[in-house]
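Quick note: the coordinates plus some simple rules give every number you see, no bench work behind them. The structure presented is a predicted model; accordingly, all values stated were derived computationally and were not measured. No Cβ is skipped: glycine too gets one built from the backbone with ideal geometry, and neighbour counts run over all protein chains shown.
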Amino acid sequence: MVQEQLMNRGIKDPRVLQAMGNVPRDLFVESALADRAYDDEPLPIGDKQTISQPYMVGLMTEALELRGGEKVLEIGSGSGYQTAVLAELCLNVFCVEKIRSLAAQARAVLDKLKYYNVAIHVGDGTLGWSDHAPFDAILIAAGSPSLPEPLVGQLSLGGKLVIPLGSEKSQILKRYRRTPSGLEEDNLGDCRFVKLLGRYGWPA
Ligand code: SAH
């Protein structure tokens, strides 16, 4: 997976490659799908949600340029796989997941793997998690029609935010960097995510 799906497609950050080599992706899918866990595709995780394709996890993570000391906010932790990759690469991960059963399932696997630097909150992630703001990096793992304003407010100066923006059917992965003069924006390519449902996302 690391060689064929990540390195061959341009993911270069050695820390990201190592983290994705470390995290056992098969533990984040139900046992019936374990033999497909490292395939080049998203997979169902219940409640009409999916675990993201490995390449998309690599691309989003690399875009945050984590060096180890950061406080990261993740919106839509789903299976917890992306969460574990982040937990390998920064100081603390704060997650907001809308669906309680997915949050509980993710918590159990993350505990089993001893990722103790992760906190998961059940709620509407488009509001962010103001108690722990500001964040050095924010990763939104669901597609939104626009950039949720509260999340921009919770990003530190110099901080980076990645989010799929666009229609329900297709989005562009965007990276924003907060600078003294405002937000800088880059396009990282086309993607397709499930909907970010919430006050500053799609109507529930
Ligand atoms: N990175 C995850 C992908 C999860 S799919 C993984 O690899 O497993 C997107 C997730 O976003 C789903 O779990 C969905 O429940 C969650 N979600 C959607 N809208 C949300 C919101 N407003 N706040 C928090 N989570 C949300």
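Connecting C-alpha atoms closer than 10 Å in a GNM of the chain, tell me which of SER144, SER77, SER170 has the biggest fluctuation.
Largest GNM mean-square fluctuation: SER170.
So for the stretch 144-204, considering every pair of alpha-carbon atoms, how many percent are separated by more than 20 Å?
Working: 495 of 1830 pairs.
Percent of Cα pairs beyond 20 Å in the stretch 144-204: 27.
Over the stretch 1-101, what is the relative contact order in whole percent, taking alpha-carbon pairs under 8 Å and six or more residues apart?
On the way: 136 pairs, mean separation 25.9, N = 101.
For the stretch 1-101, the relative contact order is 26 percent.
When DSSP beta bridges are limited to those with both residues in the stretch 90-204, what percentage is antiparallel, rounded to the nearest 5? Can you show the working numbers first?
On the way: 16 of 28 bridges.
Just about 55 percent of them are antiparallel.
Over its Cα atoms, what ratio of radius of gyration to 2.2 N^0.38 Å does the chain give?
Normalised Rg, Cα atoms only: 0.93.
Would you mind listing how long the stretch 37-129 runs along its three principal axes, going by Cα atoms, in whole Å with the largest first?
34, 29, 28
Please work out whether the stretch 114-170 counts as rounded, prolate or oblate from its C-alpha gyration tensor, where a ≥ b ≥ c are the square roots of the eigenvalues and a/c under 1.5 means rounded, while otherwise a/b larger than b/c means prolate and anything else oblate? Walk me through the numbers before you get to the answer.
Working: a/c = 1.81, a/b = 1.39, b/c = 1.30.
It comes out prolate by the Cα gyration axes.
In what order do ARG177, ARG9 fall by count of nearby beta-carbon atoms within 10 Å, going from fewest to most?
Numbers: ARG177 17, ARG9 11.
Ranked by crowding around the Cβ, least crowded first: ARG9, ARG177.
Which of GLY143, GLY189, GLY123 moves most in a GNM of the chain, Cα contacts under 10 Å?
Result for the chain, Cα springs under 10 Å: GLY189 fluctuates most.
Per-residue HN-Hα couplings for the stretch 104-111, Karplus 6.51 cos²θ - 1.76 cosθ + 1.60 at θ = phi - 60°, whole Hz, x for Gly and Pro?
Rounded to whole hertz, the list is 5, 5, 4, 4, 5, 5, 5, 5.
With each label point set 7 Å from Cα along the Cα-Cβ vector, what nm distance links LEU157 and ASP190?
4.0
For the stretch 108-126 and the stretch 182-204, what is the separation of their Cα centres, given in Å?
A separation of 22 Å, based on Cα centres.
Can you give me the long-range amide H partners of TRP202? Hydrogens built in the peptide plane at 1.01 Å from N, cutoff under 5 Å, separation of 5 or more residues or another chain.
Hits under the 5 Å cutoff: LEU196, LEU197.
Averaging sequence separations of C-alpha pairs under 8 Å and six or more residues apart, then dividing by the length of the chain, give the relative contact order as a whole percent. Could the numbers behind the result be given before it?
Working: 433 pairs, mean separation 31.1, N = 204.
Averaging sequence separation for qualifying contacts and normalising by length gives 15 percent for the chain.
Could I have the simple spin-label model distance between ASP35 and GLU65, label points 7 Å from Cα toward Cβ, reported in nm to one decimal?
Between ASP35 and GLU65, the label points sit 4.4 nm apart.
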